[in-house]
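**Q** My structure is below; once you've seen it, I'll send some questions.
Values quoted throughout were computed directly from the atomic coordinates according to the rules given, and no laboratory measurement underlies them. Owing to the predicted nature of the structure, the values given are computational and were not obtained by experimental measurement. Virtual Cβ from ideal backbone geometry, glycine too; neighbours counted across all protein chains shown.
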Amino acid sequence: MKCCLGIDVGGTSVKMGLFRYDGNILDKWEITTRTQNQGEAILGDISKSIKEKVEEHKIPKEDILGIGMGIPAPVTGDGIVYQTANLGWGYKEVKREMEEFIGYPVFVANDANVAALGEMWLGGGRGHKNLVVVTLGTGVGGAIIVGGECVVGSHGGAGEIGHITVNYDETETCGCGRCGCLEQYASATGIARLARRRLKADDTPSILREEKRVTAKDVFDAVKEGDPVAGEIASEFGRYLGYALANVAAACDPGVIVIGGGVSKAGPALLGFIERPFRERAYISNMNTAFALAQLGNDAGICGAAKLVLK
């Protein structure tokens, strides 16, 4: 029985999955990410855990097709990381070092790209080979897939749509150090920021005023209750994201745009706020681009990492 492993490396934990070649998950588990001493133990810990799991399932070495890994940092086509924000690594030849540890072929990519591959393979993008995946969480992550392959770019940074400039008049700074990035308006924290600005603008009644600290979830819960102020906030969010995605679509012509991350838990109603402005600004060739919600949740990373192996 041919198998592979998908590894999703995070700053707190490493998620792992053992897959059959057809995509069925045989097992999944986690280990703690030990980031001390510049993360020197991370790859060794992963290797040890994989070997124990393969032995537990009594899988012959020749039946392991390889290991895919998603890393929270830009990754070059050669599997090299130059810097990570939360693993402690500086320059690191992840592919080469992991292959020396484990003895199997290793395939490495950025974690957002890997999650996008997972959604293409088994989730909201199934049936498409050209897609854009957007994750709306604390920040705005993104990945672009063309012909079934993630666009990586010269420096491993392709698909960072959260840092497209969407407001040239913004004076507050994004986490990246620039001003007016999409992430400042379309992330969970960005939606909360839009809400604070709107609530300060006037005294229009809103159930959001009952909240001590308004969150993105509060906004979309209020939308479902028919709150007009919440509807205005959601519409503003949708314009920023929808217009930005229309620009992205003009460059890569996706068949579907998949929306994931914590904000996507607002459900199908969320998509309407994004689709309407998208179609207002979309190039004629992109007018029929579909929208879908991500389906894999926390398993997207391990699924996409496995797909790196099963090309």
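**Q** Would you calculate, for the chain, the mean residue ellipticity at 222 nm contributed by helices, counting each DSSP H stretch of 4 or more residues as -39,500 (n - 2.57) and dividing by all residues, to the nearest 500? Working shown, then result.
**A** Values: 10 runs with 116 residues, N = 311.
For the chain, the value works out to -11500 deg cm²/dmol.
**Q** When the convex hull of the C-alpha atoms of segment 202-281 is computed, what volume per residue in Å³ does it have? Write down the numbers at each step before the final one.
**A** On the way: hull volume 8.1 nm³, N = 80.
Spelled out: Cα convex hull of segment 202-281, divided by residues, is 102 Å³.
**Q** Counting Lys and Arg as +1 and Asp and Glu as -1, each charge on the Cβ, what is the dipole of the chain about the Cα centre in debye, to the nearest 20?
**A** Details: 33 positive and 38 negative charges, 43 e Å.
That gives the chain a dipole magnitude of about 200 debye.
**Q** Right, next: Out of all DSSP beta bridges in the chain, what portion is antiparallel? Express it as a percent rounded to 5. If you can, show how the numbers build up before the last one.
**A** Values: 27 of 46 bridges.
In the chain, DSSP labels about 60 percent of beta bridges as antiparallel.
**Q** A further question on this structure: Hey, rough spin-label estimate for Lys224 and Arg281, points 7 angstrom out along Cα→Cβ, what's it come to in nanometres?
**A** The two pseudo-label positions are separated by 2.8 nm.
**Q** Of all chymotrypsin sites (Phe, Trp or Tyr not before Pro) in segment 70-159, which ones are in loop regions per DSSP and have a Cβ with at most 13 other Cβ atoms within 10 Å? List each step's numbers first, then the result.
**A** On the way: sites: Tyr82, Trp89, Tyr91, Phe101, Phe107, Trp121; in loops: Tyr82, Trp89, Tyr91.
Sparse-neighbourhood loop chymotrypsin sites (Phe, Trp or Tyr not before Pro): Tyr91.
**Q** As an exercise, identify the chymotrypsin sites (Phe, Trp or Tyr not before Pro) in segment 154-228 lying in DSSP coil whose Cβ has no more than 12 other Cβ atoms within 10 Å. The partial results should precede the final answer.
**A** On the way: sites: Tyr168, Tyr185, Phe220; in loops: Tyr168.
Passing sites in segment 154-228 are Tyr168.
**Q** Then there's this: Run a plain Debye calculation on segment 128-295 (Cα atoms as equal point scatterers, no solvent) and give log10 I(q)/I(0) at q = 0.13, 0.15 Å⁻¹, rounded to two decimals, same order as the q list.
**A** -0.60, -0.80
**Q** Follow-up. What's the angle, to the nearest 10 degrees (0 to 90), between helix 268-281's Cα axis and the longest principal axis of the chain?
**A** Taking the Cα atoms of the chain, the angle to 268-281 is about 70 degrees.
**Q** Apply the Debye scattering formula to the chain, with a single equal point scatterer on each alpha-carbon and no solvent, then give log10 I(q)/I(0) at q = 0.09, 0.14, 0.15 Å⁻¹.
**A** -0.48, -1.04, -1.15
**Q** Which part of segment 1-29 falls in the paramagnetic zone of Glu62, meaning amide N under 16 Å from the point 7 Å along Cα-to-beta-carbon?
**A** Counting backbone N atoms under 16 Å from the label point, the list is 1-3.
**Q** Right, something else. Starting from the Cα gyration tensor of segment 27-186, take the square roots of the eigenvalues, sort them a ≥ b ≥ c, and report rounded, prolate or oblate (rounded when a/c is under 1.5, otherwise prolate if a/b is larger than b/c, else oblate). Please list the in-between numbers first.
**A** On the way: a/c = 2.30, a/b = 1.59, b/c = 1.45.
Here segment 27-186 falls in the prolate category.
**Q** Taking amide H atoms as placed 1.01 Å from N in the peptide plane, list the residues 5 or more away in sequence, or in a different chain, whose amide H sits under 5 Å from that of Cys181.
**A** For Cys181, whose amide H was placed from the backbone, the distant partners under 5 Å are Val166, Cys174.
**Q** Another question, if that's okay. Rounded, prolate or oblate: pick one for segment 1-46, where a ≥ b ≥ c are the square roots of the eigenvalues of its C-alpha gyration tensor, a/c under 1.5 means rounded, and failing that, prolate if a/b is larger than b/c, else oblate.
**A** Working: a/c = 3.79, a/b = 2.65, b/c = 1.43.
Prolate, since a/c reaches 1.5 and a/b exceeds b/c.
**Q** Structure shown: which of Lys48/Lys265; Lys129/Lys307; Lys129/Lys217; Lys53/Lys92; Lys15/Lys51; Lys200/Lys265 lie over 24 Å apart, alpha-carbon to alpha-carbon? Let's see the in-between values first.
**A** On the way: Lys48/Lys265 35 Å; Lys129/Lys307 13 Å; Lys129/Lys217 31 Å; Lys53/Lys92 26 Å; Lys15/Lys51 15 Å; Lys200/Lys265 27 Å.
Over 24 Å apart, Cα to Cα: Lys48/Lys265; Lys129/Lys217; Lys53/Lys92; Lys200/Lys265.
**Q** Which of the trypsin sites (Lys or Arg not before Pro) found in segment 27-73 are loop residues per DSSP with 16 or fewer other Cβ atoms within 10 Å of their Cβ?
**A** Working: sites: Lys28, Arg34, Lys48, Lys51, Lys53, Lys58, Lys61; in loops: Arg34, Lys58.
Of the trypsin sites (Lys or Arg not before Pro), the ones in loops of segment 27-73 whose Cβ has at most 16 other Cβ atoms within 10 Å are Arg34, Lys58.
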